Amino acid sequence: MIIIGEKINGTRKAVAAAIKKRDSSFIQDLALSQVRGGAHFLDVNAGTHPDSEPDDITWLVNTVQEVTDTNLCIDSANPKALLAGITAAKKLPMINSLSGEKARIQGVLPLASQYGTDLVVLALDDNGIPKTAEDRLEIVRRLVGLCVENGLTEAQLYVDPLVTTIATDNQSGIVAFETIRRIKQEFPNIHLTCGLSNISFGQPSRGIINQAFAALAIGAGLDSAIVDPNDRELRNIIYSAEMVLGQDPDCMNFNQAFREGHIGSSKGVSGSYKETISRALQGLITTLQQAGVIDSTIISASDQEKQASKAETVAEESEGNVLEDIVESLVGMKKDRVKTLTEQALSSGTDPMLILDASRRAMTEVGRLFETEEYFVPELILAGRMLKEISDAVKPYLSDGTSEGPKKGRVIIGTVAGDIHDIGKDIVVTMLDINGYEVLDLGVDVPNERFVEAARDFKPDVIGLSGFLTLAYDPMKDTIAAIREENIREIKFMIGGGQIDDHIREYTQADAYGNDAMDAVRLCEQWINGAGK
Ligand code: B12
């Protein structure tokens with residue numbers, strides 16, 4: 001949703017007074033608070049007498065630009081004021097607005113065309129606001145045609161279907177939604193915006209009405225709004241509506257806005273989120289330092305943030321640095337960056353095991369954030385997808401061709417009933433495979449009976465059971481008992497997964513447990529080939 005902050009508007013008494021007194025700090029506070037609220041554009045409307053409007057707009061634009069470089073939307077019907085605003089703006093602003101009125105077509109369109117600005121287009125003409133969606137659409141068709149003829153693209157246009165109050169016409173909402181829907185259908189590249197609080201004018205409890213209207217309008221195709229960006233309840237509705245309409249991939253906009261305290265009823269957690277990423281980095285830095293991968297001088301300072309940024313500048317190209325970036329990006333849910341960094345690390349010869357180790361550390365942090373309710377199921381899923389991509393990318397670099405030779409033994413592996421975590425298990429499968437074992441992977445959520453059947457048919461030397469949930473311990477125990485009961489052959493059992501330790505091993509009656517994929521390989525070497533006995 002493209003938010004156009006509505007507050008700097010001279011038709012509001014306090015703003016008019018500030019313009020008159022040239023009270024910069026009042027205007028700058030308004031600008032900054034809207035930027036903090038998430039405004040993408042700041043509407044600037046002097047609302048003063050046409051003679052002084054160009055000067056007033058110039059002053060407003062300059063005043064706002066002293067404190068923020070947020071895009072501006074110069075709002076006036078007066079071409080001279082618009083020109084003054086465009087000239088004063090450091091970045092090409094949006095213009096608000098063109099309509100089907102003759103004077104605006106003659107005065108505003110040439111300016112938008114000459115400077116190539118984005119443009120708000122109102123669905124009205126010299127006869128006023130049409131009653132029906134069809135008549136509004138007719139005006140919009142004509143104006144879009146004119147704009148395109150004058151060199152603007154459809155994507156530069158923000159059509160306002162015009163919202164009138166429900167207090168005087170109970171069809172206002174319906175007509176607005178219908179107009180939005182039909183414009184979106186006919187011109188999919190055009191943005192749709194509106195001053196949505198108009199819907200509630202003259203009514204009590206305006207906020208509730210605005211929120212209901214916003215959700216329905218977004219459903220119809222609204223993708224921008226001229227609103228007060230600091231209206232938290234409205235923000236809640238906008239983020240939720242976009243998410244439930246499938247416009248928020250992986251729910252990341254919603255969850256990120258929640259963490260930053262922009263939405264929801266709580267105050268947000270941005271501070272602790274930052275600390276968290278810093279903590280994950282610190283752990284990795286210590287490990288890398290101990291392993292001699294990065295220079296200890298890089299991390300001599302005590303402050304964690306200093307350490308991370310110093311490491312970045314001093315060891316720009318180093319292995320440790322790429323790994324730190326992978327951890328930070330994985331914990332920060334930056335999917336594309338994780339992919340790029342992994343490819344970069346692999347092509348520059350970074351040990352693939354170190355990449356897996358860094359990812360694992362990041363996953364531990366993701367899990368911790370999930371526990372503390374800073375992350376939610378979408379983050380777990382996204383983290384899972386990212387890690388899967390990493391392990392897929394790493395696999396070819398792990399293989400040294402040994403998997404082609406004679407097999408050292410047979411191993412069955414699977415994630416036990418009730419558990420669908422398979423990333424760790426897949427890494428175990430890969431490591432066993434490239435170390436020369438014939439592996440039958442039964443997948444996830446594998447019932448006892450399937451293990452028993454496979455144990456009979458495949459004749460394994462070792463069975464590995466994976467599980468990340470506490471709920472996996474009983475299925476592990478039951479699976480081992482069920483296979484032993486069948487007395488098929490001498491089979492060793494190993495278990496592994498996030499929380500598994502010796503206590504769980506004892507509970508499940510497994511022969512051994514492993515903390516990582518190399519443990520699985522070592523156990524097989526020991527049991528099947530007698531190594532390390
Ligand atoms: C990614 C993830 C998911 C993804 C899984 C995607 C996938 N395809 O695997 C999704 C989103 C699906 C998911 C779902 C859930 N998850 Co989850 N998930 C995680 C997370 C963040 C990472 C797990 C992971 O892949 N780690 C990376 C790998 C590489 O880990 P690893 O341990 O280093 O793996 C090595 C070893 O374990 C070992 N190993 C693994 N298997 C074996 C087997 C043998 C034989 C041996 C020897 C070694 C071995 O080798 C591996 C490679 O070196 C963890 C948090 C964490 N800290 O682990 C939570 C976590 C495991 N999930 C958790 C929860 C609660 C859930 C859900 C219930 C959430 C929900 N409310 O729906 C569901 C459960 C679904 C189900 N029925 O299984 C909890 C479990 C808590 C508990 N004690 O039960 C955790 C710990 C998060 C938390 N801190 O609360 N999750």
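A few notes on this one:
- Rounded, prolate or oblate (a/c below 1.5 giving rounded, otherwise prolate when a/b exceeds b/c) for the chain by Cα gyration tensor: prolate
- Environment charge of T11, counting only residues whose C-beta is closer than 15 Å and scoring Lys/Arg +1, Asp/Glu -1: -2
- Dipole magnitude for the chain: about 1040 debye, using +1 per Lys or Arg Cβ and -1 per Asp or Glu Cβ, origin at the Cα centre.
- Cα lying deepest toward the dipole's positive end in the chain, options V322, C194, T470, charges on Cβ: C194
- Between the beta carbons of K388 and S348, assuming R0 = 30 Å, the FRET efficiency works out to 0.85 to the nearest 0.05.
- Adding -39500 (n - 2.57) for every DSSP H run of four residues or longer, then dividing by how many residues the chain holds, sets the calculated 222 nm ellipticity at -17000 deg cm²/dmol.
- Only beta bridges with both residues in the range 405-529 are counted; by DSSP, about 0 percent of them are antiparallel.
- Of all aspartates and glutamates in the structure, the ones whose alpha carbon falls short of 20 Å from that of K407, not counting any fewer than 8 places away in one chain, are D426, D433, E438, D441, D457, D461, E490, D519, E525.
- Remark on I8: its backbone amide H falls under 5 Å from those of D43, a criterion applied only to residues 5 or more positions apart or on other chains, H modelled at 1.01 Å from N.
- Hz values of 3J(HN,Hα) by residue in the range 459-471 - Karplus curve (6.51, -1.76, 1.60), Gly and Pro given as x: 6, x, 8, 9, 10, x, 10, 10, x, 10, 9, 4, 5
- In this label model, V148 and F201 are separated by 3.2 nm, measuring between points 7 Å along each Cα→Cβ vector.
- Taking a ≥ b ≥ c as the square roots of the eigenvalues of the alpha-carbon gyration tensor, the range 142-223 is classed prolate because a/c is 1.5 or more and a/b outweighs b/c.
- Take every pair of alpha-carbon atoms less than 8 Å apart whose residues are at least six positions apart; their mean separation over the length of the range 405-529 yields a relative contact order of 29 percent.
- Using θ = phi - 60° in the Karplus curve 6.51 cos²θ - 1.76 cosθ + 1.60, the 3J(HN,Hα) couplings for the range 231-245 round to 7, 4, 4, 5, 4, 3, 5, 4, 4, 5, 4, 4, 5, 6, 8 Hz; x is entered for Gly and Pro.
- Farthest toward positive dipole pole in the chain [+1 Lys/Arg, -1 Asp/Glu at C-beta], among T153, P79, N487: P79
- Net charge dipole, the range 128-227: roughly 180 debye, given to the nearest 20, about the Cα centre with Cβ charges of +1 for Lys and Arg and -1 for Asp and Glu.
- Distance from the alpha carbon centroid of the range 1-53 to that of the range 64-138 works out to 17 angstrom.
- Surface share of carbon and sulfur [accessible, 1.4 angstrom probe, percent] for the chain: 51 percent
- Solvent exposure ordering (accessible area, 1.4 Å, most first) of D422, D56: D422, D56
- For the range 405-529, convex hull volume per residue from C-alpha positions, Å³: 84 Å³
- Per-residue 3J(HN,Hα) values for the range 506-518, derived from phi via the Karplus relation 6.51 cos²θ - 1.76 cosθ + 1.60 with θ = phi - 60°, read 5, 4, 8, 6, 6, 6, 7, 10, x, 8, 8, 5, 5 Hz in sequence order (x marks Gly and Pro).
- Taking 14 Å as the straight-line reach from the Cα of K131, the aspartates and glutamates in range (excluding those fewer than 8 positions away in the same chain) are D169, E178.
- Look at the dipole of the chain built from charges on Cβ: of G424, P378, G221, the Cα furthest out on the positive end belongs to G221.
- Summarising the amide proton neighbourhood of L440: residues at separation of 5 or more, or on other chains, whose placed amide H is nearer than 5 Å comprise V411, I412, I413.
- Accessible surface, per residue, of the chain when the full set of protein chains is kept, probe 1.4 Å, Å²: 46 Å²
- Subset of K425/K477; K91/K335; K388/K477; K13/K90 violating a 25 Å alpha-carbon distance limit: K91/K335; K388/K477; K13/K90
- In terms of accessible area, using a 1.4 Å probe and ignoring ligands and nucleic acids, Y397, Y158 rank largest first as Y397, Y158.
- Taken about its Cα centre, the range 1-91 carries a charge dipole of roughly 140 debye when the Cβ of each Lys and Arg holds +1 and the Cβ of each Asp and Glu holds -1.
The values are calculated or read from the model by the stated rules, or taken from the named source; none is laboratory data. Just so you know, these numbers come straight off a predicted model, no measurement behind them. All Cβ positions, even for glycine, are placed from backbone atoms using ideal geometry, and neighbour counts span all protein chains on display. Remember, those area values only see protein heavy atoms, side chains included, never the ligands or the DNA or RNA. Shrake-Rupley method; radii C 1.70, N 1.55, O 1.52, S 1.80 Å.
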